[in-house]
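Notes follow once the structure below has been shown.
The values are calculated or read from the model by the stated rules, or taken from the named source; none is laboratory data. Bear in mind that the values here come from a model prediction, so they are computed numbers and not experimental data. Virtual Cβ from ideal backbone geometry, glycine too; neighbours counted across all protein chains shown. To get the accessible areas, we keep the full protein, side chains included, count just its heavy atoms, and leave off ligands, DNA and RNA. Shrake-Rupley method; radii C 1.70, N 1.55, O 1.52, S 1.80 Å.
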Amino acid sequence: MSEQPRRPRKPGKPYRRPQKDPVRILAFEALRAVDERDAYANLVLPPLLRKAREKEGPEKFDARDAALATELVYGTLRRQGTYDAIIADCVDRPLREVDPPVLDVLSLGVHQLLGTRIPSHAAVSASVELARVVLGDGRAKFVNAVLRKVARDDLDGWLERVAPPYDEDPEDHLAVAHSHPRWVVSALWDSLGGGRTGIEELLAADNERPEVTLVARPGRATPDELLGEDAAVPGRWSPYAVRLSEGGEPGAVEAVREGRAGVQDEGSQLVALALANAPLDGPDRRWLDGCAGPGGKAALLGALAAERGAFLLASEKQPHRAGLVARALDGNPGPYQVIAADGTRPAWRPGSFDRVLVDVPCTGLGALRRRPEARWRRRPEDLDGFAPLQRGLLRSALEAVRVGGVVAYATCSPHLAETRAVVADVLKQHPGTELLDARPLLPGVPDLGEGPDVQLWPHLHGTDAMYLALVRRTS
């Protein structure tokens with residue numbers, strides 16, 4: 001955004017050109033893209049950082065610059081609800097009347113004040129300079145005035161002021177304190193079925209930076225190979241998982257560049273492994289991934305199938321996502337095929353497969369660590385839009401599997417309307433089925449509940465909140 005024309009100089013006070021800070025300007029640009037284009041930070045930020053690293057001169061980013069920009073963007077998005085409540089207490093107008101670019105600069109400043117170790121004077125000064133560059137001197141004065149009010153207290157002090165007392169309104173208190181929409185707090189609390197400790201730990205985990213987890217695709221790479229990388233440690237639960245500590249770059253790993261390994265949350269790996277290891281009655285020759293995009297689970301399933309000489313069909317409705325699946329499976333050692341097809345209108349004969357996975361489209365409430373802006377975009381009515389598709393895909397999966405075969409229903413949402421309600425409704429219409437106990441198929445993983453289905457949690461397992469139900473067709 002261009003600078004505003006210079007104001008007339010005051011006597012004795014020469015005009016000072018604003019100091020451009022490439023890190024904070026990039027963070028501001030990323031937030032504007034998220035707001036204006038409904039973009040996701042995990043898609044917007046990497047190309048911006050790559051471009052900044054390729055520059056020459058003082059604007060060229062090093063590792064510390066990239067780390068700070070990433071923290072500013074993701075930290076601001078994760079705590080947006082909390083920061084909005086604090087800013088609203090410091091301005092003399094409704095928050096909706098504050099121009100969105102000004103609000104982005106303010107939110108970046110509040111995060112530096114309340115969510116980082118940056119000294120208060122430096123956080124205010126840097127934010128005001130950013131405002132001068134991207135907004136102009138007039139609105140920079142407004143930014144300065146608001147941030148000086150925010151700087152008078154720490155985060156705990158502000159929460160005492162802006163969050164309703166827990167005893168009076170627990171859901172609203174948690175919504176403000178942990179920066180989640182109230183309806184999401186309520187839904188997650190219902191899914192946990194526990195007391196205050198569980199919900200607070202979960203909401204806090206949603207606001208933590210997730211680790212980068214790699215998967216070594218069997219027959220193509222080994223965990224030991226990935227553990228040879230700097231800052232790599234073994235995964236917690238999956239035998240194919242390797243975690244990169246803070247600052248680890250997946251793109252710097254040779255096996256990832258070559259497609260022999262990939263970036264994949266351990267929860268997703270466990271879903272694929274559970275299906276692959278579920279007990280069957282009869283042959284084990286044909287596998288189906290009925291919602292394969294963007295291809296992470298399909299690549300792991302394809303590698304596991306190849307070890308047994310089984311064939312994998314990976315189906316994805318959207319052609320461009322089917323292309324991503326094909327790229328993920330490229331080089332798979334065993335037989336496979338990728339097709340663009342609607343899983344609710346099967347392109348295969350009934351009873352054709354021994355194992356079927358349907359990782360259905362959903363609200364994504366289980367991956368709020370990775371896509372923090374999603375919590376503000378989703379609405380309760382979105383559940384009604386997904387419900388028919390989720391049920392239709394599970395019904396088609398049960399028709400696609402042979403008698404004695406197994407279907408895995410998975411979703412990256414813990415919302416009961418997308419998990420147990422879907423499974424219960426569909427199985428009522430398919431009496432020739434039985435739920436398998438999925439817990440023994442996740443060996444070593446604690447806190448899996450009463451079963452037979454499994455719900456993983458960020459605060460308990462360090463994974464996305466993946467849900468898994470295994471269903472065997474009995475007739």
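Values as computed for the structure displayed
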read-out	value
Asn144-Arg117 FRET efficiency (beta carbon distance; Förster radius 25 Å; 0.05 resolution)	0.70
Loop-exposed trypsin sites (Lys or Arg not before Pro) per DSSP, neighbour cap 12 Cβ within 10 angstrom, longest uninterrupted part of the chain	153-475
Extended-chain gain in nm, criterion 0.36 nm per residue less alpha-carbon gap, Gln19 and His430	141.3 nm
Spacing of the two label points (7 Å from each Cα toward its C-beta) at Asp384 and Arg50, in nm	4.1
Given charges at beta-carbon only (K, R positive; D, E negative), |dipole| of the chain in Debye	1640
Under 20 Å between alpha carbons - lysine pairs in the chain that sit 8 or more apart or on different chains	9
Helix 182-192 axis, angle to the chain major axis (alpha carbon atoms, nearest 10°)	40
Rounded tilt (10° steps) of 137-150 against the dominant C-alpha axis of the chain	70
Loop-located GluC sites (Glu not before Pro) in region 29-78 whose Cβ has at most 10 other Cβ within 10 Å (DSSP)	Glu56
Apportionment of accessible area to carbon and sulfur, the chain, percent (1.4 Å)	49
Prolate/oblate/rounded label for region 388-445 (Cα gyration tensor, a/c 1.5)	oblate
Segment Asp154-Arg96, length gained on full extension (0.36 nm per residue, minus Cα span)	18.4 nm
Taking the convex hull of Cα positions in region 284-333, its mean projected area over all directions (nm²)	2.9
Computed helical MRE - 222 nm, the chain, DSSP H runs ≥ 4 contributing -39500 (n - 2.57), nearest 500	-14000 deg cm²/dmol
Between 0 and 90°, nearest 10: helix 196-206 axis offset from the chain longest Cα axis	80
Separation between Cα centres of region 445-475 and region 235-293, rounded to whole Å	16
Share of alpha-carbon pairs per 10 Å distance bin for region 349-435, given as whole %	17, 46, 26, 11, 1
Convex hull (Cα only) mean projected area of the chain, reported in nm² to one decimal	24.7
Point-to-point label distance, Glu200-Ser352, nm (Cα→Cβ direction, 7 Å offset)	5.3
For region 100-182, the Rg and Dmax computed from alpha carbons only, in angstrom	14.3, 44
The chain - accessible surface per residue (Å², probe 1.4 Å)	45
Cα principal axis extents for region 270-423, largest first, Å	45, 32, 27
Near-label residues of region 443-470 by backbone N, under 20 Å of a point 7 Å along Cα→Cβ of Glu307	443-445
DSSP-defined beta bridges in the chain - what % are antiparallel, rounded to 5	55
Cα→Cβ-extended label distance, 7 Å offset, between Arg377 and Asp35, nm	1.6
Chain lengthening between Asp169 and Ala421 when straightened (0.36 nm per residue, less Cα-Cα)	88.0 nm
Förster-model FRET efficiency, 30 Å R0, Lys60 and Ala231, C-beta, rounded to 0.05	0.85
